[in-house]
Amino acid sequence: MRLARLSDVATLAGVSTATASLALNGRPVAEETRARVLEAAAQLRYVARSHAKALKTGQTGVIGFWIVNRPGTVELTEDSGFFYRILRGAFTAAETYGFSISFNVARADLGQVGEHLSAFAGRGLYDAVIVAAQWANDGSYAGAVRARGVPVVTLNDPNEPGDANVRVDQQAGIGLAVEHLVAAGHRDIAYLAGPAGHLDADVRLAAFYKATAERGLRVPEHHVRRVDYTIEAGAEAFAALLAQSRSFTALLAADDFVAAGAIQTAHQRGLRIP
């Protein structure tokens, strides 16, 4: 059975194809005319072809959402409450403005990601792109897409200044955490930092050293450990800290999963967490 075309809707409604298009796209036409066109479209079960619209307007109505993840590492998008909220917000906003989201995870070698994203942008698949670069890079990801004439917004990328970068205030967050522990009387704080080379983890670690130094605290090197953002890594790292030193009185974890693992180890060792 042949799918209904715009010309079929126009014929059934008794209007020109141009008028039918205006009515279906919410453009100014007489209300009686719009009603006839909408009724005809419903009767024929007409669905607009997005590819035809793209050819005519040069717009796809699609925003690409790319999370950059290096191969061989933990997939940070499957169980991450952080990315779930980000994606939910993106999908909600896109729907409000009549766009759809194409979600992808780039697992190519980090040095090839820019070329990878540029190839996708060059195919004309997206009207705009959101790039969440999780690992240290040379700042070429967003630039490679912009070189194709596609607007880009980045998430938490320190290489991307200005309004096109949406950034969590890592320093303020870590500063609040350290201030809370200091106010509770702690002077020796251990820290389970995220993996080396991860953008958020590196920024948070620098913020931790800055916050402790500003409060006159000295952090021994062996009281800081770099761990993957997993429950298992948090549990193992806290166990290793306890085996090496018991002088610290407080622990700060850079991630909820790491904290959950540390809590497991604490319970197993009979340690009370207030």
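The values are calculated or read from the model by the stated rules, or taken from the named source; none is laboratory data. Here the structure is a predicted model, which means the values were calculated and not measured. Positions of Cβ are generated from backbone atoms using ideal geometry, with glycine treated the same way; all protein chains shown enter the neighbour counts. Calculation scope for accessible area: heavy atoms of the full protein, side chains included, ligands and nucleic acids excluded. Shrake-Rupley method; radii C 1.70, N 1.55, O 1.52, S 1.80 Å.
Here A190 meets the list (1) of a type outside the set (K, R); (2) at pLDDT 95 or above; (3) out of contact with any helix residue (DSSP H, G or I) (no Cβ under 9 Å at 6 or more places or on another chain); (4) open to solvent by less than 20 Å² (accessible area, probe 1.4 Å) almost entirely, failing just condition (3). Scanning segment 65-72 for any residue that is modelled with pLDDT under 80, touching a strand residue (DSSP E or B) at 6+ places or on another chain (Cβ under 6 Å), open to solvent by 30 Å² or more (accessible area, probe 1.4 Å) and basic (K, R) turns up at least one such residue.
Anything in segment 144-184 that is free of Cβ contacts under 8 Å to residues at least 12 places away in the same chain and among the β-branched types (V, I, T)? List them, or say none. Those that are free of Cβ contacts under 8 Å to residues at least 12 places away in the same chain and among the β-branched types (V, I, T): none in segment 144-184.
Considering only residues in segment 1-46 that are closer than 29 Å to D127 by Cβ and open to solvent by 100 Å² or more (accessible area, probe 1.4 Å), the one that is modelled with the lowest pLDDT turns out to be L3. Within the span defined as segment 163-184, one or more residues are over 24 Å from A233 (Cβ atoms), β-branched (V, I, T) and open to solvent by 50 Å² or more (accessible area, probe 1.4 Å). The condition (being modelled with pLDDT of 75 or more, in a helix (DSSP H, G or I) and exposed (fewer than 14 other Cβ atoms within 10 Å of the Cβ)) is satisfied by just one residue among A121, A93: A93. Residue count for segment 193-207 under the criterion of being closer than 13 Å to D255 by Cα, open to solvent by less than 10 Å² (accessible area, probe 1.4 Å) and among the hydrophobic types (A, V, I, L, M, F, W, C): the result is 2. Scan segment 211-265 residue by residue and report those that are within 24 Å of the chain's Cα centre (by Cα), modelled with pLDDT of 95 or more and open to solvent by 60 Å² or more (accessible area, probe 1.4 Å). Within segment 211-265, R226 is the sole residue that qualifies. Whether any residue in segment 48-60 is open to solvent by less than 70 Å² (accessible area, probe 1.4 Å), aliphatic (A, V, I, L, M) and modelled with pLDDT of 85 or more is what I want to check. No, every residue in segment 48-60 fails to be open to solvent by less than 70 Å² (accessible area, probe 1.4 Å), aliphatic (A, V, I, L, M) and modelled with pLDDT of 85 or more.
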